[in-house]
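Q: One structure is given below, represented as structure tokens, and several questions about it will come after.
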Amino acid sequence: MIRTTAALAASATVFALLLTGCGNDKATTDAASATTAQSSGDTQVVDSVKAGAFVVSFRGAFPKLAEGKDDAKLSAVLSDSCKDIKAGKPEDEVIQSIIKRASGSTEATPEESKAIYQMAKMMC
């Protein structure tokens, strides 16, 4: 039941973030595009806002997995997962990679990894 609640909380957070991002901010987008074009594409797969939202959602939904990990490590879970998804790797392979990346003192369950995969897929 706790995992279901955590997955629902993570999904609700992602949904709320998607809704807030549906506005029209053309001027901001143009400025951001110019800045993004100057940065290296390989080093940053997702923007910092999405990475921050992922970290907050991850910590809220999976506190035992987040224990002992800093924000950069959790952000790397999203970044590496997005690289795998964009490379066209099969879902099962990406989920297995997420189990390795997200695990620390507590190993991620297949259900938790699937929920993390869904969060990452929406934010990529």
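None of the figures in this text is laboratory data; all of them are computed from the coordinates on show. Just so we're clear, the structure is a prediction, and the values are computed from it rather than from any experiment. Every residue, glycine as well, gets a Cβ built from its backbone with ideal geometry; the counts of neighbours run over all protein chains shown.
Q: Arrange CYS82, CYS124 by Cβ neighbour counts within 10 Å, fewest through most, would you? Please report the intermediate quantities before stating the final value.
A: On the way: CYS82 20, CYS124 16.
If I rank by nearby Cβ atoms, fewest first, I get CYS124, CYS82.
Q: Here is a follow-up. Can you return the lysines within cross-link range of LYS121? Criterion is Cα-Cα under 20 Å, with same-chain partners fewer than 8 residues away left out.
A: Answer for LYS121, where 20 Å is the Cα cut-off: LYS50, LYS73, LYS83, LYS86, LYS89, LYS100, listed by chain and number.
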